[in-house]
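> The structure follows.
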Amino acid sequence: MAGPAVVFWLGYLSLMAFRDADEAMAERNAGRVVNARVVEGSAVEAMDRLLAARPPEVLILGPSYANTNVRPAQLAAALGLPPEEVSLLSVPNSVGAHWYSILKYRVFGAGYRPRLIVVVSGLQSMLLHTPLTESSFVNLQIQLPDGGDPVIDEKVRGSAGLAMAQLREQRGKVREALFSSLRHRAVWWWSPEQTRAALGRVFDDRHVDMSLHDNAIPIVEASRAQERAYTPDLLPSPAESFLSEISRLAAAHEAQIVWVRPPMSPHIPEHLDDVVLDGVQEEAVALVEAEGGVFVDMRSLPMTSTMFKNEDHMNEEGSRRFTHALATALEQTGALVVGPPAPLPPVPVSVTARPPAPPPPPQLAELAGPGRWIPPGGAVVFHVEQAWPDARGCFQIAVVAEHAPTGGDTAPLAVRHAGLQVPLVSAPPGLGLERWTGLMSTSSPPAAFEVQVEVPPGGPWVRLSALALGAEPRQVFLQGDRDDLQGRRVALRGVEHSLAPTYLAAPVRVPRHDRPVTDLPQTPVAAFETERWAFLSDEATLGATSWGRPCSPLRITEDGIVLPGANVSCTEVRRAGRGRSCHTTDRIFFTASDDTDPARNGRTYRLVLDEARSCDGDVWLYPKDRLRLPIPAEILASLPQGASVLTLDLRYLNFREADVDVRLLAGDQVRLEARFDGRQVKRAPIAWRLDPPLTEADGALVLELDNREHTFYLIREVVFSERWPIVPGMSAPTP
């Protein structure tokens, strides 16, 4: 038995000792890589220098995802911070143990006090507590003091499952090296210069059809499913991970921590995606929130394969998109309050009722909802006992008030400050009450001031539901809270959810789709004249999309096949060719799929509309289109009071009168049937009241839009909310 055992162990040790070129390089650079750069000295010294030069208000942590997906300067600008106050510390292949050590010893242990820590990582890496490679172990050890760390010593340990995963990974590396050597034998007799020249000719970008390459990734990778180093069942549970320890460490130093799970490429094979077992994310979220942290799942963020340089790391375009969405998510979660590092002191307020208000009638007191009731002829005065603090930003007054129906067309109350009266507008009623909302911006009070809410004699009892000073996220609520002011909402095409619609027919034919090709002398670029389509050009749609990306819906077909590479710059069309196109205000320029001259190659070119109707996360509603959007019932679970308002944020790209029909179905019941003129949504969203409110119990929903005219709309967002939103310019509800 000794002989076979010796052979087995020698084979095992040889297998585990094998290093491919990438891993050998990683081990050579172990302990010297920060933010994808090999630094002089150690990574610890580099981190210390970086933090000393730029003490962070916001610190971004994570593996390579954090480095490729987040643009710190852009994030700082979006959050209203100086760029030097947002720092990034990214360590390749890092897991929870690395982030815990960096925070404990490099950040908090060195006296730095960031207000916000953002960990950008796949959930698999969040769950892993033990490094999987030798270089990753070195990257962890250099962060620790000589005596080690008790938490690290307790949690960083191997397991049979992870050992088997490492063995499988080594097997894959050896097999890859073997097949690579066989594949490369064909050029062993060439010089390196000859090899590079030949490979450069064959794999030149001009000869690579990226659409075929993207489509091939899932096919090629599907056969490699067994090479994954570890599978979801081998991952540690959230309780075994560092999620709680890191969140607790941040809270102990008065820092808000946000865990962000980024999206992967749409073409990533399922077995290579950031997959975990059912229920694991929910358990992770509960652990994080129990320690005061926030978990943001951004996998539904609309992304295209052109925004990734590989299956899971974003390129420059993708990182711009992701960073913009990340800033929005951070603001929506209230994770960062822009201002001094210390919490803003409360604004002292006292309240006086004139005269002292009796209790409201029983029929009013029984109505659901918080608020302060003001009787006819009564007033409530809010005394703010200091000047408006500069740290809280601009000064404005926002109000929501309700009363029993009176049928009047003017508000039976007045909200006054410093001789000014807040303009009030009628909003859809709520819970049997008429509702009024108001918003007024004015100069900041230089001294103590008052805000008075009064009801004239003979008026109805009025419930003051919300009264806020300042703008988000530094508002001071004199009455109610943010939910009372704005209501809860759920967006169907945003970061949290991104539901895909279906269309009941193919796009209409483009007028004069067979127009002649315009020949451009001495260049393989051709054009179609499209001066009447300027409103759909890449330049025009740039300002209409949610993410500011050009996205003309016009496409070119070559002998019936749609050319790839639309919506790129005209410089790229000229330089790279291969079927690319750009749409200016008067022409759409394009090249043939093989860079021959479209005006002379004998092929047929036609103008068509993009059948996918996708526009950088937004969706098109073409002329005569009928759209159908299925909505799962559980979407409404986050609205305790139900969905009382449906809001459509869409942009009308034409100018003439045009009708769109809207239907909302709950099961087989029609809950909304309305028509609006496209000109109503030229500048602002439009909304409808849902009475009674929709709840999860109503079952699955279907939203239908029927464009009755030859006009174009860009649908940016579909929102269900508990309350009528306070949005300047919001179109009035359609009866």
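> Of all GluC sites (Glu not before Pro) in region 232-266, which ones are in loop regions per DSSP and have a Cβ with at most 14 other Cβ atoms within 10 Å? Can you show the working numbers first?
Values: sites: GLU240, GLU245, GLU254; in loops: GLU254.
Here the sparse-neighbourhood loop sites are GLU254.
> Here's another thing I want to ask about it. What is the mean projected area of the alpha carbon convex hull for region 518-610, to one decimal in square nanometres?
Seen from a random direction, the Cα hull of region 518-610 projects 5.5 nm² on average.
> For LEU499 and THR406 in one chain, what is 0.36 nm times their gap in residues minus the Cα-Cα distance, to one decimal in nm?
Computed gain between LEU499 and THR406 is 29.5 nm.
> LYS155: which aspartates and glutamates have alpha carbons under 12 Å from its alpha carbon, excluding same-chain residues fewer than 8 sequence positions away?
Straight-line reach from LYS155, under 12 Å: GLU240, GLU245.
> Per the Cauchy relation, a quarter of the hull surface: what is the mean projected area of the convex hull of the alpha carbons in region 604-700, in nm²?
Computing the convex hull of the Cα atoms and averaging its projections yields 8.4 nm².
> A further question on this structure: As an exercise, use a Förster radius of 51 Å and the Cβ-Cβ distance of ARG54 and GLN680 to find the FRET efficiency, rounded to the nearest 0.05.
So, using R0 = 51 Å, E works out to roughly 0.60.
> While we're on this one: What shape does region 27-84 take by its C-alpha gyration tensor, where a ≥ b ≥ c are the square roots of the eigenvalues and a/c under 1.5 counts as rounded, a/b above b/c as prolate, and the rest as oblate?
Taking the square roots of the gyration eigenvalues as a ≥ b ≥ c, region 27-84 is oblate.
> Describe numerically, in nm with one decimal, the distance between label points set 7 Å from Cα along Cα→Cβ at GLU673 and at ALA77.
Going from the GLU673 label point to the ALA77 one covers 4.9 nm.
> Kindly state, to the nearest 0.05, the FRET efficiency for ARG628 paired with ASP233, given R0 = 35 Å and r defined as their beta-carbon distance.
Using R0 = 35 Å, I get an efficiency of 0.40.
> With Cβ to Cβ distances under 12 Å as the rule, what net charge do the other residues near ILE257 carry (K, R +1; D, E -1)?
Combined, the nearby Lys, Arg, Asp and Glu give -2.
> A follow-up question, please. Under 15 Å from the Cβ of LEU665, count the other residues' Cβ atoms, weight Lys and Arg +1, Asp and Glu -1, and hand me the total.
-2
> In whole Hz, with x marking every Gly and Pro, tabulate ³J(HN,Hα) for region 120-125 from phi via Karplus 6.51 cos²θ - 1.76 cosθ + 1.60, θ = phi - 60°.
Coupling constants for region 120-125: 10, 6, x, 5, 4, 5 Hz.
> Assuming a ≥ b ≥ c are the square roots of the Cα gyration tensor eigenvalues, decide whether region 349-486 counts as rounded (a/c under 1.5), prolate (otherwise, with a/b larger than b/c) or oblate.
Values: a/c = 1.81, a/b = 1.58, b/c = 1.15.
Prolate, because a/c is 1.5 or more and a/b exceeds b/c.
Read-outs: derived from the displayed coordinates by stated rules, not from any lab. Since the structure is predicted, the reported quantities are computational estimates derived from the model, not experimental observations. All Cβ positions, glycine included, derive from the backbone under ideal geometry; neighbour counts span all protein chains shown.
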